[in-house]
Amino acid sequence: MLAGKKILVTGVVNRRSIAFAIAERAQAQGAEVLLTSFGRVKRMTERSAGRLDPEPDVLELDVNSDADLESLREELASRWGRVDGAVHAIAFAPGDALGGNFMAAPRASAGAAFETSAYSYKALAEVVAPLMEEGGGSLVGLDFDATVAWPSYDWMGVAKAALESVNRYLARDLGPRGIRANLISAGPIRTAAASGIPGFEDLEQKWSEQAPLDWEVDDPTPVADAALFLLSDLARATTGEILHVDGGVHAIGAAIPSGTD
């Protein structure tokens with residue numbers, strides 16, 4: 001499905017990361033993969049990279065650093081000369097912007113959530129788009145349904161709403177250059193990032209109860225497989241889309257009573 005494609009994957013922390021599953025399955029489908037990370041997390045990313053075959057390099061990238069973004073562009077141009085796909089799996093909100101603290105969250109914390117979780121998608125696109133122009137390419141971001149307000153999600157929910165808007169504008173501006181931009185709105189997966197969200201355990205339990213399809217919070221592969229589709233030429237006419245991979249919860253107004261066929 002991805003034979004010969006060069007795919008950049010951000011956001012790998014450990015083997016439980018959705019981004020790790022995407023990288024692993026992309027390699028299995030013939031893609032050449034590079035990872036990014038920075039700071040203290042980079043050692044963890046490098047250990048995770050060692051579990052992939054072949055082991056990809058981990059490039060330095062703090063998405064809030066213009067210098068890192070420029071260095072990444074130069075490194076990709078030097079190594080590959082082109083990029084066929086890029087996965088945006090980056091999100092962060094300070095602790096005081098989560099956990100039911102919406103009204104009291106300071107301006108700086110809300111701004112940090114937006115910059116790291118939404119603006120960074122545009123920043124990553126700006127890096128890779130010039131390297132996609134010859135044959136086009138695909139941007140894929142990880143989302144969580146921002147059409148409703150979730151308990152404890154607070155300013156991260158607002159940032160995800162911004163991410164969805166950024167995706168539409170990227171689709172508008174990059175489409176004429178043959179570059180697609182799509183998001184996957186995933187159900188809750190038990191990752192390192194999820195563990196930092198207050199109330200996540202309650203959310204994952206209720207999700208499994210409400211999903212018309214089985215939903216396994218320890219299995220990121222359904223999300224990864226959807227990413228492979230969006231990165232592949234099978235999705236060549238799809239852009240500006242939010243693909244829900246959540247067991248169907250987004251379509252159901254209330255939990256299905258037990259015993260219902």
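The values are calculated or read from the model by the stated rules, or taken from the named source; none is laboratory data. Everything numeric here is computed off the predicted structure, so don't read it as measured data. Note that each Cβ is placed from the backbone with ideal geometry, even for glycine, and that neighbours are counted across all protein chains shown. The accessibility values were calculated without ligands, DNA or RNA, using every heavy atom of the protein model including side chains. Shrake-Rupley method; radii C 1.70, N 1.55, O 1.52, S 1.80 Å.
Having 1 or more residues that are under 21 Å from Arg15 (Cα atoms) and touching a strand residue (DSSP E or B) at 6+ places or on another chain (Cβ under 6 Å) is the bar; report the helices (runs of 4 or more DSSP H) wholly within the range 146-255 that clear it. It would help to see each step written out before you state the result.
Numbers: elements: 154-174, 200-210, 221-231.
Fully inside the range 146-255 and qualifying: 221-231.
Where in the range 1-105 are the strands (runs of 3 or more DSSP E), entirely inside, with at least 1 residues that are more than 25 Å from Ser232 (Cα to Cα), without any contact (Cβ under 8 Å) to a residue 60 or more places away in the chain and more than 16 Å from the chain's Cα centre (by Cα)? Before you say what the answer is, go through the steps one by one.
Details: elements: 6-9, 32-37, 58-60, 85-88.
Answer list for the range 1-105: 58-60.
When Asp214, Asp154 are checked against the criterion of being surrounded by 20 or more Cβ atoms within 10 Å (Cβ to Cβ) and charged (D, E, K, R), a single residue qualifies: Asp154. Counting only residues that are farther than 19 Å from Arg73 by Cα and either modelled with pLDDT under 95 or part of a helix (DSSP H, G or I) (or both), the range 106-135 holds 11 of them. Filtering the range 222-250 to residues that are touching a residue at least 12 places away in the same chain (Cβ under 8 Å) and exposed (fewer than 14 other Cβ atoms within 10 Å of the Cβ) leaves Leu234, Arg236. Only a single criterion out of (1) open to solvent by 30 Å² or more (accessible area, probe 1.4 Å); (2) of a type in the set (Phe, Trp, Tyr); (3) closer than 22 Å to Asp62 by Cβ is not satisfied by Phe102, namely (3).
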